Amino acid sequence: AAAHCGPPIHVDIVEDTDWRLSTLDGASIDDATFPYDLYPSMRLISEDGIIAGFTGCNRLQGNYGRDGYNIRFDKMAPTRRACEGVMDEEVRFLKALDTITSLRQQDGMLNLYDDKSKLRLQFVEDK
């Protein structure tokens, strides 16, 4: 008789994975929003508790703390370049990121929610 191995193990790929923004406050991100495929992206580096990313114009670095589904970002510091045509969207992205308190990973997506459980940011794995 075959041995029963139990339920499949859920692999958490939230950290140490490259994520590319796909929606911001329900609006799809496309070439009209961020030209030249310069979509915001991020990577949560578990070893150091650091978020490293790109805002559509500037590089971004900060700290994060995670406890299961709960996450907090802290000391976010983007570089200070000015980029024509994307600064308003960059500001919207950074403001949304500042409100995030929880996350869920499902169907290859990373969903980030504010304290009212509103989906603010949705990322896809950037392979």
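The values are calculated or read from the model by the stated rules, or taken from the named source; none is laboratory data. If you're wondering where the values come from, they're calculated on a predicted model, not measured in any experiment. Don't worry about glycine lacking a Cβ; one is built from the backbone with ideal geometry, like all the others, and counts go over all protein chains shown. Keep in mind that these areas ignore ligands, DNA and RNA; they rest on the heavy atoms of the full protein, side chains included. Shrake-Rupley method; radii C 1.70, N 1.55, O 1.52, S 1.80 Å.
Here are the numbers:
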item	result
5 Å-binned pair-distance histogram of the range 56-127 (Cα, whole percent)	3, 15, 22, 25, 20, 11, 4, 0
The chain - mean residue ellipticity at 222 nm from DSSP helices (-39,500 (n - 2.57) per run, n ≥ 4, rounded to 500)	-3000 deg cm²/dmol
Accessible surface, the chain, averaged per residue in Å² (probe 1.4 Å)	62
Largest-first ordering by accessible area, 1.4 Å probe, given options 22, 28	28, 22
Separation of the residue 83 and residue 28 label points, Cα + 7 Å toward Cβ, nm	2.1
Evaluated at q = 0.19 Å⁻¹: base-10 log I(q)/I(0), Debye formula over Cα of the chain	-1.05
Set of lysines near residue 75 by C-alpha distance (under 24 Å), chain-local residues within fewer than 8 positions excluded	95, 116, 118
The chain, accessible surface, carbon-and-sulfur percent (1.4 angstrom probe)	48
